[in-house]
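The values are calculated or read from the model by the stated rules, or taken from the named source; none is laboratory data. All values reported here derive from a predicted model rather than from experimental measurement. Here Cβ is always computed from backbone atoms with ideal geometry, including for glycine, and neighbour counts include all displayed protein chains. To get the accessible areas, we keep the full protein, side chains included, count just its heavy atoms, and leave off ligands, DNA and RNA. Shrake-Rupley method; radii C 1.70, N 1.55, O 1.52, S 1.80 Å.
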Amino acid sequence: MTGNKAVAYKEPGKVEVIDIDYPTFELKDGPGVNPANVGRPVHHGVILKTVATNICGSDQHMVRGRTTAPPNLVLGHEITGEVVEVGRDVEFIKVGDLCSVPFNIACGRCCNCKERKTGICLNVNPDRPGSAYGYVDMGGWVGGQANYVLVPYADWNLLKFPDKDQAMEKILDLAMLSDIFPTGFHGAVTAGVGVGSTVYVAGAGPVGLAAATSAHLLGAAVVIVGDLNEDRLAQARSFGCETVDLTKGGPAEQIEQILGVPEVECGIDAVGFEARGQGHGKNAEEAPATVLNTLMDITAAGGALGIPGLYVTGDPGGIDEAAKKGALSLSLGTGWAKSLSFTTGQCPVMKYNRQLMMAILNDRVSIAKNVNAKPIPLEEAPKGYAEFDAGAATKYVLNPNGYLN
Ligand SMILES: NC(=O)c1ccc[n+]([C@@H]2O[C@H](COP(=O)([O-])OP(=O)(O)OC[C@H]3O[C@@H](n4cnc5c(N)ncnc54)[C@H](O)[C@@H]3O)[C@@H](O)[C@H]2O)c1
Ligand SMILES: [Zn+2]
Ligand SMILES: [Zn+2]
């Protein structure tokens, strides 16, 4: 029997590396597994030996105790791996294939999957449309911050890299295809970014930096990134973004200094519901509607908002009773008066990952450098989580099986 170590959520502020079972082609009962999913056969799945598995801001919402994630939930939805076993019903993926795993789990059979809306697949999560590995309320699929992980509907979900040796040379870049690069790209596309656009990205975390990278790739004229964290703003400047420091105030004035007008054409929210107030120094209080209200103010009439930043339906740590239920105080009248469009939700990774893989393999983009990707051993996950939570300008990539040495 092969051992399997994994990163688990223990309690607010704490993750631990624990021993879990080696996966089989069945979803077994465990922390966070929906009863209707227990015993579900997964003959369409494969078992991956993990090559890279990244820590995400989405994991941090759970680890900060801002969701209803149960103790011992195995984390990890950003997975790249090598196939070591294939299930009975897998036709095309083979043992030895090196693959990126979209963080959305999707069946490939429902009406949403057929329209490529893989972030809201109807057949994988008994609680609601949409699923992911290692995530609260997502059906209970075991997370991939582990040595081994089960990937269902493998023929449909996996993106196989065309050449293993070539892929290993760019593996840190390719590791960003499971989530943040497509997610940032989706934010930019749905904000309407194209050649010559002016763009404001709220948040200089990995998703914001991936959105800024994507805006450049799509031909934006000026990309302005706002945050309260100076190290992360410096990271944005390192690849040609303009930046605004939100400890000093909202972004409108600083955008005017850059563009000559206090407006942009495209607005991207790469922050979500844990947004902090602007103009109140580095340790500003939380103000969950700030980013959305700011984007409505500063995006020109007729523009669009791409909103990859996560908003929840329940938040035990919400600032008031409304926020605890995910209800925010939005100035929707502003957005309505300006005919703004909004796109929210999980990024449907499969819509973009193959094209972005081609851009990486053909040297069109350096996503790992732009987000400052850094491999660390699985055992150091608790330290990685803590540093990321403290605002390090780093995208931590766990290296459970030594492939990244
Ligand atoms: N939609 C999706 O499919 C998807 C996928 C991945 C991540 N996400 C979400 O995207 C968001 C960003 O992810 P991340 O990994 O970069 O997280 P992160 O926590 O590392 O980054 C968030 C950044 O926002 C900054 N911030 C706080 N308040 C702000 C404000 N008012 N204006 C501008 N910046 C502000 C923080 O200082 C931080 O640097 C999270 O909510 C995450 O859950 C969504
Ligand atoms: Zn993620
Ligand atoms: Zn589906």
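Summary table
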item	result
Tally, over the stretch 240-266, of residues that are crowded, with 17+ Cβ neighbours inside 10 Å and within 18 Å of Ile367 (Cβ to Cβ)	1
Members of the stretch 114-138 that are more than 16 Å from ligand 1 (Cβ to nearest atom) and either at pLDDT below 95 or not polar (S, T, N, Q) (or both)	Lys114, Glu115, Leu122, Pro126, Asp127
Counted residues, the stretch 21-42 - those being farther than 11 Å from Leu150 by Cβ and not in a strand (DSSP E or B)	11
Failed criterion for Ala52 (all others in (1) part of a strand (DSSP E or B); (2) loosely packed, with under 15 Cβ neighbours inside 10 Å hold)	(2)
Residue within the stretch 100-122 that is more than 13 Å from ligand 3 (Cβ to nearest atom), at positive phi and open to solvent by 20 Å² or more (accessible area, probe 1.4 Å) present	no
Qualifying residue in the stretch 151-163 (condition: out of contact with any Ser or Thr (no Cβ under 6 Å at 6 or more places or on another chain), of a type in the set (Val, Ile, Thr), in the same structural domain as Arg354 (by TED's automatic domain parsing) and open to solvent by 10 Å² or more (accessible area, probe 1.4 Å))	no
Options Gly143, Gly96: the member that is small (Gly, Ala, Ser) and over 20 Å from the mean Cα position of the chain (by Cα)	Gly96
Residue under evaluation Ile20, criteria (1) within 30 Å of Ala275 (Cα to Cα); (2) open to solvent by less than 60 Å² (accessible area, probe 1.4 Å), criterion not met	(1)
Some residue of the stretch 73-86 being more than 16 Å from ligand 1 (Cβ to nearest atom), among the hydroxyl-bearing types (Ser, Thr, Tyr) and assigned by TED's automatic domain parsing to the domain that holds Asp29	no
Residue check, Gly57 within 23 Å of Pro375 (Cα to Cα) and either open to solvent by 10 Å² or more (accessible area, probe 1.4 Å) or not polar (S, T, N, Q) (or both)	yes
Helices (runs of 4 or more DSSP H) wholly inside the stretch 330-391 that include at least 3 residues being within 17 Å of the chain's Cα centre (by Cα), closer than 22 Å to Ser58 by Cα and not basic (Lys, Arg)	367-370, 381-389
Counted residues, the stretch 64-86 - those being surrounded by fewer than 21 Cβ atoms within 10 Å (Cβ to Cβ), away from ligand 2 (no atom under 16 Å from the Cβ) and farther than 20 Å from Asp179 by Cα	7
Within the stretch 34-47, considering residues that are within 19 Å of Ile20 (Cβ to Cβ) and in contact with a Phe, Trp or Tyr (Cβ under 7 Å, 6 or more places away or on another chain), the one surrounded by the most Cβ atoms within 10 Å (Cβ to Cβ)	Gly45
